[in-house]
Amino acid sequence: MSQKPDEDLIDKVIKGENNAYAILVDRYKHMVYTLALKIVKNREDAEEVAQDSFIKAYNALNDFKGESKFSTWLYKIAYYRSLDYLKKNKRQVETTAIDISEEYNIASMDDALDRMEVKERAEIIKHAIEKLPAADAVLITLYYFETLSMNEISKVMEIPANTIKVRLFRGRKRLAKILENNLEFENIQSYGRE
């Protein structure tokens with residue numbers, strides 16, 4: 001059974017078939033919640049932001065012109081709802097570290113040492129991303145972990161795609177420098193223990 005395209009479901013919702021919106025919510029609830037959680041850093045707040053994002057999207061569905069994918073449009077709503085939530089609660093934008101270990105299928109690895117090495121690497125990258133400026137961390141998260149294209153990120157953040165490309169390049173350089181400094185620090189520490 002194939003999934004109905006988002007556009008078909010949107011048309012049904014506009015015609016009054018509200019159960020079609022439930023399918024869209026189910027399809028994108030994880031994505032919206034994950035983005036909100038990365039920004040607001042609290043599960044309950046992220047649930048509130050996600051719910052608010054879906055309500056706003058539902059109320060604005062007639063304004064969706066289809067110039068981008070529905071998921072990109074929804075992501076933009078969730079992104080700005082998350083920022084609004086932080087402003088309302090007078091909190092600074094921070095990004096939650098990404099659990100990169102999810103990207104690896106650790107259970108399929110044969111050797112326990114390999115699993116430990118992957119987890120250690122994931123922790124190092126996770127901590128390095130936490131040290132990045134918030135804008136860099138969000139861009140890296142959207143591009144590498146949410147796998148949005150530069151054009152989609154451009155629409156979400158309302159920044160030109162060329163600017164996204166430059167910022168992503170600079171963010172990767174900053175991340176590499178942080179990782180390099182961490183490696184040097186660990187080498188110095190281990191040398192001192194010998």
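Please treat every number below as a calculation from the coordinates, not as lab data. In this text the structure is predicted, and so the values were computed from the model without any measurement. Reconstructed Cβ throughout: ideal geometry from the backbone, glycine too, with neighbour counts over all protein chains shown.
In segment 9-74, if the dipole is taken from +1 on Lys/Arg beta carbons and -1 on Asp/Glu beta carbons about the Cα centre, which of Ala57, Asn42, Ile10 is farthest to the positive end?
Ile10
Note down the nm distance, to one decimal, between modelled labels 7 Å out along Cα→Cβ at Phe145 and at Phe169.
The modelled label-to-label distance comes out at 2.5 nm.
So if we plug the beta-carbon distance of Lys29 and Asn181 into 1/(1 + (r/R0)^6) with R0 = 35 Å, what FRET efficiency do we get, rounded to 0.05?
Result of the calculation: an efficiency of 0.35.
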